[in-house]
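Worksheet: one structure, shown below.
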Amino acid sequence: MKRRNEFKRAVNEAEKNNETTKGVKISKHKCAICGRTELDDPDLEFRFCSKCNGNYEYCNEHLFSHRHKE
């Protein structure tokens with residue numbers, strides 16, 4: 001618990017000191033096809049494709065309709 005709290009404090013302090021992210025929200029998820037993020041639509045769900053070779057994330061609209069990356 002102590003290490004987790006120290007880590008969270010360090011992350012929060014780093015975000016406060018970072019001039020590039022002040023006032024700008026950074027997305028955690030982005031569709032590899034359309035580029036939409038959870039900031040565009042909070043109801044979107046994102047998944048990784050287990051058949052694609054790499055770290056590709058897709059929105060629920062493109063998860064089953066994309067071509068697999070090899």
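The values are calculated or read from the model by the stated rules, or taken from the named source; none is laboratory data. Quick caveat: nothing in here was measured; it's all calculated off a predicted structure. Cβ placement follows ideal geometry from the backbone for every residue including glycine, while neighbour counts extend to all protein chains displayed. For accessibility, only protein heavy atoms count, side chains too; no ligands or nucleic acids. Shrake-Rupley method; radii C 1.70, N 1.55, O 1.52, S 1.80 Å.
Quick notes on this one:
- Condition check for S27: part of a loop (DSSP other than H, G, I, E, B), modelled with pLDDT under 90 and in contact with a Leu (Cβ under 7 Å, 6 or more places away or on another chain): yes
- If you go through segment 44-70 and keep only what is under 14 Å from S27 (Cα atoms) and open to solvent by 30 Å² or more (accessible area, probe 1.4 Å), you end up with just E45.
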